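The values are calculated or read from the model by the stated rules, or taken from the named source; none is laboratory data. Keep in mind that this is a model prediction, so the values were computed, not measured. So basically every Cβ, Gly included, is an ideal-geometry build from the backbone, and we count neighbours across all protein chains shown. Heavy atoms of the whole protein, side chains included, go into the accessibility calculation; ligands, DNA and RNA do not. Shrake-Rupley method; radii C 1.70, N 1.55, O 1.52, S 1.80 Å.
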Number of protein chains: 2
Amino acid sequence: MSYRAPVSEMMFTLRHVAGLDGAGAVSVEDADAILTEAGRLAGDVLAPLNRVGDRHGATLSNGVVTMAPGFAAAYKTFVAGGWNGLTADPDHGGQGLPQVLDAACTEMWNGANLAFGLCPLLTAGGIEALAAHGSEDLKARYLGKLVSGEWTATMNLTEPQAGSDLAALRTRAEPAGDGSYRIVGSKIYITYGAHDMADNVVHLVLARLKDAPSGTRGISLFLVPKVLPDGSENDLRCSGLEHKLGIHASPTCSMAFGDRGGATGWLVGEENRGLACMFTMMNNARLGVGLQGVGVAEAATQRALAYARERRQGKAAGSAEASPIVAHPDVQRMLLTMKAYTAAARGICYLTAAALDAAEGPEGKAALDRASLLTPVAKAFSTDIANEVASLGVQVHGGMGFVEETGAAQAMRDARILGIYEGTNGIQAIDLTGRKLPLNDGATVRAQIAAMRRVAESLLKAADSDLGHAPARLRAGIEALDQATSHQLASLRSNRPEAALAGATPYLRLFGLAQGAACLAREALASRAALKAGETDPAHAGRIALARFFAENLLPATEGLAQVVIDGGGFLDDAGAVLTG
Amino acid sequence: MSYRAPVSEMMFTLRHVAGLDGAGAVSVEDADAILTEAGRLAGDVLAPLNRVGDRHGATLSNGVVTMAPGFAAAYKTFVAGGWNGLTADPDHGGQGLPQVLDAACTEMWNGANLAFGLCPLLTAGGIEALAAHGSEDLKARYLGKLVSGEWTATMNLTEPQAGSDLAALRTRAEPAGDGSYRIVGSKIYITYGAHDMADNVVHLVLARLKDAPSGTRGISLFLVPKVLPDGSENDLRCSGLEHKLGIHASPTCSMAFGDRGGATGWLVGEENRGLACMFTMMNNARLGVGLQGVGVAEAATQRALAYARERRQGKAAGSAEASPIVAHPDVQRMLLTMKAYTAAARGICYLTAAALDAAEGPEGKAALDRASLLTPVAKAFSTDIANEVASLGVQVHGGMGFVEETGAAQAMRDARILGIYEGTNGIQAIDLTGRKLPLNDGATVRAQIAAMRRVAESLLKAADSDLGHAPARLRAGIEALDQATSHQLASLRSNRPEAALAGATPYLRLFGLAQGAACLAREALASRAALKAGETDPAHAGRIALARFFAENLLPATEGLAQVVIDGGGFLDDAGAVLTG
C-alpha cells in the first residue's frame, strides 16, 4: 500500500475551509492542476522510497554522509520540477504561490516520505530568514540557489547543554576583520546537516559574539556555508549521526564548527538579534511540522483502511461468512477516528496558511495575529493526533502492525519526532496560552471563537437527522473553549501567572478539538449545500458523516478538558510531594 | 537509569487496595520479604539486560534460536531462585502463594525487562491449562518441569489466515493409534517458540481433528513438546523470526509442525473443547499482560523522573538560574500523569488478582465473576496507559527521547505490543461489554460500581482542602460509569446489540478511569488515616496528592466518554459513507 495524495479532499478543504475560492490569488483550476501534479510526484517518486529510507538510513563514513539509495535522484527530480520555491518571491526565482497551496504540497511530500520532506522544509525556513533579514550581498549569493533547491539549508540551534533553552548557547563568533566572522562551537540534532543530495549546505547558526549580553539577548545569527564562495571547503564537519527511533533516512548530525580555527560565516540581521530572526523562521516551520503531522496521519489512515478492507476476520452482524474487518464496529471506530482527526488537523493547518496569505492582503495585521494564534495549535494538535493516528494504524493491523514489514510501525516511529522538534508540544502550549491569547488584549482569540460560533449557528440551523447530535455538541465544545479561554486570560493577569501554564496543554487540545470540529462542520455544510444543488459525489455524504462522527465521538472530550484547565492546577502546590525523590 | 522495583508502593497497594492485610494467606512481613527479594532480582539481574536484549535481539541460524547475551544465564538464576512457580500447587512443586503476590512479581520482571518477562508468563499459562485440563499422565510428565521453569511453555493459536478469528484455524491432528496424535500445520507469532534458555519447550497447540465440526467448536488442544519423552527431537521447528518494532529479545517464531509427517502430541482436555481450555489459560494471561503494562509504565516513569530531576532548562517561576525541568508546570503535568496512570493501573490489576484469590475462598463464584469482569479492564486499560505513559516518557526527554541511547524510545516500542497480543484491546472491550456486563444479569457490574461508590462516599466524608475537587469528581465519574453501564446493558438486550459494541472501547476506558480513581482514593484514605495516626512517611502526602491529581486531571474525561458511549453510535449507519473506497 503506497501513499496517494488525497487531492480532491485537499481541494475541498482549501476551498471551503481555507477560502481558496474567494482569495483570487490562484484559480481553482490552477490549484487543482498543481496539486494533481504534486500528488503524482509524491505518490510515484517519494512514497516508494519511504521503506527503503527506513531500512538503509543515512550513513556517515569518513566525514561524508550518504543518503539511502534513490534519495539523491528523487531530490533532483523534486528540484527540477520547481517544487522547492513555491511560495518564494519571483524576484528570487520563486513561484509566488499562496501559502495554502504550499501547505497542501508540504502535506503531500511528508505524507509520502517524512524523512525526505524534512529537507525542503528546512530550506524553506532558511529562505525566509535570509529574505527577511539577510544583507543584499548575502541574498544575491545564496537566495537563488536555495529557492531553486540546488542548495539546501539547516537551522543550527541546539547544543548539548541547550535544548529548548537557547539562553544557554555557547557557540562563539568573532569578527575576522573582512566583514566575515569566525565561528567555533558544537551543535547537535542538525537535520540534514550533511548529505549528498546537493552541492552545498547553507547553515544558519546561532552563536554569541564576544562581550555579547548573556541570555537570549546576546545571540546572533550567522550564515555558514559548507562550501565557501571561492569553492573551498569551510571549516565545519558532521561529527556524528544520531541513532534514532524513526525518520532514519533523515541525517541528524552533530556538527563541529571551527576545528581548524574557525568556520567562516556572515551575520544575518543585526548583532544580538539572532533569536528574533530565527523565530520568524521557526514560526513558519512550525506550521510546516503541523503539516508533516497531517501527512503522516493521512498516510497511516490510508494504509490502515486498505488493510481493513482486505483482511477478513470474524463475522460482522448479519454476515454468514468472515467479513473484512472494516465491517466491525470497533474497527470502524478506529478508522473513523483516524480519518476525522486527520481531516480536522488538515483544516486547522490550511486555515493557518490562509491567515498567512490574508496577512499579505488588506486584512494585514489582524490576519497575521490570527496566524500567530493558530500556529501553535496547528503544530501541536496536528502532531499529537499524528502520533495517535499512527498508533491506531498499528492497532488496526493487529499483530501485523507490530512487525516492521507492513510499514504501520514505521509511521509510528517516524511520527514520534513531530511533537518534539521545532519546539516541543509543551512549548507550543505555553506559547499559545502565554503569548498568543494575550494578543490584542484577547481580541484575537475572541474573534476566532466568534468565527467558530458562526459555524455552529449555521450547523444548528441546518440541523437534521444526518447531523445527529453534532450541532449541539459543537456549540457545547465552543462554549467550553470560551470558558477555558476566559480562565486562562484571567490567570495570566493574576499574581500567579504560572497557574495558566499548568493548564496550557489541555487548553491547547481543547482549542484544537473545537477548531477542528468547526472546520469539519464547514465542510459538512458545504457538502450539504452541494447535495441540495444536485451534486451526486458520494464524498459529500462522507464528509457530513465524518463531521458528525467527530462531533459525537471526539469533541465530547472538550468539557472535561475545560474542567481540567479551570480546576486542575492544584498540582502546582502538590507536585513536590509526589515528584521529589 | 535502571529500573528499581517500587516495593513500598506495591506493598501499600497490596494492603490497601488488594486487601492483603485481611487475606491471611501470607503475612505482611513475608510478603514484604518476598517482594524485596524479587525486586533485587529484577533490578540487579533482569534490568541490566534490557538494552542488551533490544540491541542484539534473538537470532535464528540453522533452525536454532539464540537469545541475546546474558539471557540464558539470567533465566537460570530466575529458575534457581524458585520464582517460576509462585502460585502453582505445592503438589506440583509450586509455592502456593496468592495471586496478588505473583501479580507484584510479574510487574517487576516485566518492568525490568519486558522481553524476558514474557517467557515465564507464557509458561504460567501452560501450567494452568495443563493443571486444569491435562490427563494425570501428562501432568506427571510435564507439570513439575514447567513449574520449576526447567522447561518453558508456549501458546500456539495464531495462523496466517487466523489472527483473532480462531474459527479459521487449519492445523490438523490425527490419532496415531497409540494415544498420541500427529500434528501438521503452521503457526505464527509464537512467543518463545524456540530459544536456548531451557532444554525443552512445551507447545500447547490448537488444531482440528478430522471430521471435527467447523468453526470454534471443532478445535482441540494438544501438548507438543520440542523433545519427546524418549529424548528424540519432535517433528517441529522454528521456520522464521519476526522483525518487530519492539521486544527484540523475545523470539517471535513462525513454527512448522509436521514437515516430516507429523509432530507427536497429546490431547489436553476433551476433543473439540480446546478453545475452552485455551481460554482458561488466556484469561489469566490477560491479567499478566495488564501487569506487563504496569511494569513498563513504572519503568518509563522512573526513567523520565530521573531525567527531569537532572536536566536543567529554562527558569521556573521564582528561580534565578536554570531549573531542573521537573520544576516546570507542563513537565510536572506529564510526570504526574505518568505516575497517576501507573498507580491506577496497578490498583486495577492487583484488585483483579485479589478477586482471583478470593475465588478460592468462601466468596467463591462471586469473586471469580468479579475477576472475570475486571480482567479485560486490567488488560486493556493498563496496556493503553502503558503506551501513553511510554510516549510521555519520550516527550519528557525532548530530543534525547527520540535517540535510542536513553532507552525511552525502547520502552515505547516495547509497550506497543501490549495492546495487541493476548486479544487486542478492542477484543477486550467487546469482551467487557458483550460477555462480562451481562454476568448474573448485570449484578456483578452493579456490585462493582456500588463498591466504587462506597469509596467515593468515604472520600466525600473526608473532604478537606488537600483533596480539592477530588471527592466531587470521583462521584461524578462513577455516576458517568453507571449511566453508561445502563446504556450498554439496555443496548445488549435491544434488537440491535451491535450498538453496544460501537461504544465498547470508550466504555472500557471509562470503566478503567473510574475504577482507577477509586483505587487511588482508597490509597489516599489509607494514607490520610496513617498521617492522622502520627506516621511521618512523606509518601503519604504524595499518595493524597496523586489521587487528587488523577481525579482533577484525568478523571474528568469520564463524562465525555459516557456521552460517547450513549450517543456516539450513529456511525454504525454512516460508516459506509466514509469508509468505502
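Of the residues making up the range B:453-483, those that are in a helix (DSSP H, G or I), small (Gly, Ala, Ser) and within 14 Å of chain A (Cβ to nearest Cβ) are B:465, B:470, B:472, B:476, B:477, B:480. Assigned to a helix (DSSP H, G or I), at pLDDT below 95 and of a type in the set (Gly, Ala, Ser): does that describe residue B:526? The answer is no for residue B:526. Being buried (at least 23 other Cβ atoms within 10 Å of the Cβ), at pLDDT 95 or above and either in a loop (DSSP other than H, G, I, E, B) or touching a Lys or Arg at 6+ places or on another chain (Cβ under 6 Å) (or both) is a property that holds for residue B:3. The set of residues from the range B:525-566 being under 20 Å from residue B:458 (Cβ atoms) and acidic (Asp, Glu) comprises B:535, B:552.
Okay, residues lined up against (1) modelled with pLDDT of 95 or more; (2) under 30 Å from residue B:412 (Cα atoms); (3) surrounded by 23 or more Cβ atoms within 10 Å (Cβ to Cβ):
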site: B:247; (1), (2), (3): yes, yes, yes
site: B:253; (1), (2), (3): yes, yes, yes
site: B:256; (1), (2), (3): yes, no, no
site: B:263; (1), (2), (3): yes, no, yes
site: B:268; (1), (2), (3): yes, no, yes
site: B:276; (1), (2), (3): no, no, no
site: B:279; (1), (2), (3): no, yes, no
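A quick yes/no check of all residues on (1) open to solvent by 50 Å² or more (accessible area, probe 1.4 Å); (2) without any contact (Cβ under 8 Å) to a residue 40 or more places away in the chain:
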position: B:437; (1), (2): no, no
position: B:447; (1), (2): yes, no
position: B:455; (1), (2): no, no
position: B:465; (1), (2): yes, yes
position: B:468; (1), (2): no, no
position: B:476; (1), (2): no, no
position: B:482; (1), (2): no, yes
position: B:502; (1), (2): no, no
position: B:525; (1), (2): no, no
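The strands (runs of 3 or more DSSP E) located wholly in the range A:174-273 that include 3 or more residues which are among the aliphatic types (A, V, I, L, M) occupy A:181-191, A:201-209, A:220-225, A:263-268. Scanning the range A:205-240 for residues that are open to solvent by 50 Å² or more (accessible area, probe 1.4 Å) and touching a residue at least 12 places away in the same chain (Cβ under 8 Å) returns A:210, A:213, A:214, A:216, A:217, A:226, A:229, A:237, A:239. The condition of being open to solvent by 20 Å² or more (accessible area, probe 1.4 Å) and either farther than 17 Å from residue A:402 by Cα or more than 9 Å from chain A (Cβ to nearest Cβ) (or both) holds for only one of B:399, B:393, B:407, B:423, that being B:399. Only one entry of A:103, A:68, A:140, A:132 meets the criterion of being hydrophobic (A, V, I, L, M, F, W, C) and under 24 Å from residue A:248 (Cβ atoms), and that entry is A:68. Residue check: is residue B:176 under 30 Å from the mean Cα position of the chain (by Cα) and more than 23 Å from residue B:276 (Cβ to Cβ)? So residue B:176 fails the test. Among the candidates A:473, A:493, the residue that is within 13 Å of residue A:518 (Cβ to Cβ) and either modelled with pLDDT under 95 or among the charged types (D, E, K, R) (or both) is uniquely A:473. Within the range B:27-46, can you find the residues that are touching a residue at least 40 places away in the same chain (Cβ under 8 Å), within 19 Å of residue B:9 (Cα to Cα) and either of a type in the set (Lys, Arg) or crowded, with 19+ Cβ neighbours inside 10 Å (or both)? Result: B:31, B:34, B:35, B:38, B:39, B:41, B:42. Checked against (1) of a type in the set (Phe, Trp, Tyr); (2) in contact with a Cys (Cβ under 7 Å, 6 or more places away or on another chain); (3) open to solvent by 10 Å² or more (accessible area, probe 1.4 Å), residue A:189 passes all but condition (2). Residues that are part of a loop (DSSP other than H, G, I, E, B) and facing another protein chain (nearest Cβ under 10 Å) within the range A:282-322 comprise A:311, A:313, A:314, A:315, A:316, A:317, A:318, A:322, listed in sequence order.
Checking the stated criteria, residue B:539 turns out not to satisfy the condition of being within 13 Å of chain A (Cβ to nearest Cβ) and surrounded by 23 or more Cβ atoms within 10 Å (Cβ to Cβ). The single condition from (1) surrounded by fewer than 24 Cβ atoms within 10 Å (Cβ to Cβ); (2) closer than 30 Å to residue A:430 by Cβ that residue B:339 fails is (1). For residue B:243, the conditions (1) more than 26 Å from residue B:347 (Cβ to Cβ); (2) open to solvent by 20 Å² or more (accessible area, probe 1.4 Å); (3) at pLDDT below 95 all hold with the exception of (3).
Selection of the range B:345-370 for residues being open to solvent by 20 Å² or more (accessible area, probe 1.4 Å) and part of a loop (DSSP other than H, G, I, E, B) yields B:360, B:361, B:362, B:363.
Across the range A:323-333, the qualifying residues are those that are open to solvent by less than 30 Å² (accessible area, probe 1.4 Å) and of a type in the set (A, V, I, L, M, F, W, C), and the one among them that is farthest from the other protein chains (Cβ to nearest Cβ) is A:325. Would a scan of the range A:506-523 turn up a residue that is out of contact with any helix residue (DSSP H, G or I) (no Cβ under 8 Å at 6 or more places or on another chain) and at pLDDT 95 or above? Among the residues of the range A:506-523, not one is out of contact with any helix residue (DSSP H, G or I) (no Cβ under 8 Å at 6 or more places or on another chain) and at pLDDT 95 or above, which makes the answer no. Yes or no: residue A:518 open to solvent by less than 40 Å² (accessible area, probe 1.4 Å), under 30 Å from residue A:439 (Cβ atoms), facing chain B (nearest Cβ under 8 Å) and among the small types (Gly, Ala, Ser)? No, not satisfied.
Among the residues of the range B:304-353, those that are touching a residue at least 12 places away in the same chain (Cβ under 8 Å) and of a type in the set (D, E, K, R) comprise B:309, B:310, B:311, B:312, B:333, B:339, B:346. Among residues of the range B:559-570 that are more than 7 Å from chain A (Cβ to nearest Cβ), those with a Cβ under 6 angstrom from a residue that is modelled with pLDDT under 95 and in a helix (DSSP H, G or I), sequence gap 6+ or separate chain, pair up as B:569/B:499. Of the residues making up the range A:542-551, those that are facing chain B (nearest Cβ under 8 Å) and buried (at least 24 other Cβ atoms within 10 Å of the Cβ) are A:544, A:545, A:546, A:548, A:549.
Collect the residues in the range B:68-83 that are within 21 Å of the chain's Cα centre (by Cα) and open to solvent by 20 Å² or more (accessible area, probe 1.4 Å), keeping them in residue-number order. Residue satisfying the conditions is B:83 alone.
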